[in-house]
Amino acid sequence: MYPVALRDDIRTWVLIQGKSQRAAARHFGLSRNTVANMLEEEPAPEERRYQRQAERKTPVRDAALPHIEKWLKENEWLERWAPKQCWTAHRMWVELHKLGLPIGESTVRMYVREKEQTTKPAFVPLDFAPGERAEFDFGEATIKLKGQLVKVPFLAGRLRFCGAMFVECFPTQRQEAFLLGQQHAFEFWGGVPRMVVYDNLKPAVLQVLQGHSRREHDVCVHFHSVYRFEALFANVAAGWEKGSVENLVGYARRNYFVPLPEGADLEVIHAELRQNCMSDQQRTMAGRSDPIASRLTFERGYLGPLPAHVPDLGPVAEVLVHSTGRVRFQTNDYSVPIEYAYQRLTLKADPFRVRLFAGEKQVADHPRCYEKRQVIEDWRHYLSLLLKKSFAVPWASALRHADLPASGSRSTPGSGGSSLRWQSGICPLAGAVSDPFRASS
């Protein structure tokens, strides 16, 4: 290979200065054939490239390709129904070695990469008008509640025009949490967008139909009828159709759940998350000239109004109060004032509370329990009956499980020589009945 400068000098000698090829060969110490070749026009790059005369034989690769193609075809189905369980290049390579094909892993990776590049979809950039669209999706994070590590779902939502976010934790991903989170988001943003985009969440979708059509739960249909927005569902396994909130789930987990939030209950966590959502509005998103807060103020003029009457978002049921002053809801028993025994009450539940009503009057309010076959009771509900049946005071379930201070104790006889602790200051009855055995005699 001769340097380009030498070729240029020879062409200058012969083509510009008019000297002979023989003189150029003598001067530069080259053969005349070499000089003649250098005087020709330089070939195009593809003409200079070495052309293989025969295809190189690759018997191992050729034997492996049908298996790889089969797995890539299987991935098309898995990406829809089990996207986290697709065949990877490494897993293909392991399987090929089990089949007795000693192909290199880099060869498999290169082939899979080439095939994926030819099948990757193209995307259309989107732009949204004020008040036009919001997106919601569930994520999952770990927090500390009362010092214990707990994994909880959180609902993330974002207005697409201004970029304002909303994040809230729930004890469950049930339908009432899904709807209540949206209600809180609309209240936080100060209005309702004209369209809300979801994944195909079970709390909303009963059946996936053709295209974007879905058969929804009646409660969800009623919800967006009351809040007056259109519900749009993304295609199955097409997260890019709501990419903004998909990114928000990861963004919130990395920024708002690191370090792990701590609190005595979810209300403490919620207060911190809302403050983070407010602080985020001071940020200017990439490609925009003004902060989120300014754009949200502008967008509020285009959002729909909040409803005057908020619908019940959780289960509502008529329940019968048992003789023990308890009602059963989802395998758990909740207490009510004992005077409502044998009566029918209305139970209303949300993700956090269970409330019971006699007509319009609320008669009981408990934290909702998601464990099975538990008893949640309030000792105050039994005071009137305990005044009449004071002998039962030391063993009353509501008193034994109540978080009450003890001002003193004495032992009472029990079976088998065991003793029971009688707390004289356990409730207002203690002053009226200082000794249960004496009072009952």
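The values are calculated or read from the model by the stated rules, or taken from the named source; none is laboratory data. Predicted, not measured: the structure shown is a model, and the values here were computed from it. FYI the Cβ positions are ideal-geometry reconstructions off the backbone, even for glycines, and counts take in every protein chain you see.
I'd like the full set of residues that are without any contact (Cβ under 8 Å) to a residue 24 or more places away in the chain, aliphatic (A, V, I, L, M) and outside any loop (DSSP other than H, G, I, E, B), limited to region 112-161.
Once the filter is applied, which keeps residues that are without any contact (Cβ under 8 Å) to a residue 24 or more places away in the chain, aliphatic (A, V, I, L, M) and outside any loop (DSSP other than H, G, I, E, B), region 112-161 yields only Val150.
Taking region 72-111 only, how many residues are aromatic (Phe, Trp, Tyr), in a helix (DSSP H, G or I) and without any contact (Cβ under 8 Å) to a residue 24 or more places away in the chain?
In the first step, residues of region 72-111 are kept if they are aromatic (Phe, Trp, Tyr); the result is 77, 81, 87, 93, 111.
Checking the rest, the ones that are also in a helix (DSSP H, G or I) come to 77, 81, 93, 111.
Now narrow it down to the ones that are without any contact (Cβ under 8 Å) to a residue 24 or more places away in the chain: 77, 93.
The number of residues fulfilling the criteria is 2.
Output the number of the condition that Asp333 fails; it satisfies all remaining conditions of (1) modelled with pLDDT of 95 or more; (2) in contact with a Ser or Thr (Cβ under 7 Å, 6 or more places away or on another chain).
Of the numbered conditions (1) modelled with pLDDT of 95 or more; (2) in contact with a Ser or Thr (Cβ under 7 Å, 6 or more places away or on another chain), the odd one out for Asp333 is (2).
Write out, first by first residue and then by second, each pair whose Cβ atoms fall under 8 Å of each other, whose residues are 6+ apart or on separate chains, and whose first residue, in region 285-308, is closer than 23 Å to Asn247 by Cα while the second is of a type in the set (Asp, Glu) and modelled with pLDDT under 95.
Close Cβ pairs satisfying both conditions: Ile292/Asp280.
Return the total of residues in region 300-321 being surrounded by 12 or more Cβ atoms within 10 Å (Cβ to Cβ) and farther than 30 Å from Tyr340 by Cβ.
Count: 6.
In region 261-282, how many residues are in contact (Cβ under 8 Å) with a residue 24 or more places away in the chain and not small (Gly, Ala, Ser)? So that I can check it myself, show each step before the final result.
Pass one, region 261-282, residues in contact (Cβ under 8 Å) with a residue 24 or more places away in the chain: 261-266, 269-270, 273-274, 276-277, 280-281.
Now restrict to residues that are not small (Gly, Ala, Ser): 261-262, 265-266, 269-270, 273-274, 276-277, 280-281.
Residues meeting the conditions: 12.
Where in region 1-50 are the helices (runs of 4 or more DSSP H), entirely inside, with at least 1 residues that are at pLDDT 85 or above and not polar (S, T, N, Q)? Can you show your working first?
On the way: elements: 4-11, 21-28, 32-39, 45-48.
Qualifying helices (runs of 4 or more DSSP H): 4-11, 21-28, 32-39.
In this structure, is Phe136 aromatic (Phe, Trp, Tyr) and buried (at least 19 other Cβ atoms within 10 Å of the Cβ)?
Yes; evaluated as a whole, the condition is true for this residue.
Working carefully through the options Phe188, Phe166, find the one that is among the aromatic types (Phe, Trp, Tyr), touching a residue at least 12 places away in the same chain (Cβ under 8 Å) and part of a strand (DSSP E or B). Before the answer, list the steps.
Values: Phe188 fails: part of a strand (DSSP E or B).
Among Phe188, Phe166, only Phe166 is among the aromatic types (Phe, Trp, Tyr), touching a residue at least 12 places away in the same chain (Cβ under 8 Å) and part of a strand (DSSP E or B).
Just one of Trp87, Trp77 is aromatic (Phe, Trp, Tyr), under 30 Å from the mean Cα position of the chain (by Cα) and surrounded by 15 or more Cβ atoms within 10 Å (Cβ to Cβ); which is it? Steps first, please.
Numbers: Trp77 fails: surrounded by 15 or more Cβ atoms within 10 Å (Cβ to Cβ).
Result of the check over Trp87, Trp77: Trp87.
Could you please give the count of residues in region 244-270 that are part of a helix (DSSP H, G or I), closer than 19 Å to Leu145 by Cα and either touching a helix residue (DSSP H, G or I) at 6+ places or on another chain (Cβ under 7 Å) or not assigned by TED's automatic domain parsing to the domain that holds Lys146 (or both)?
Adding up the residues that qualify gives 1.
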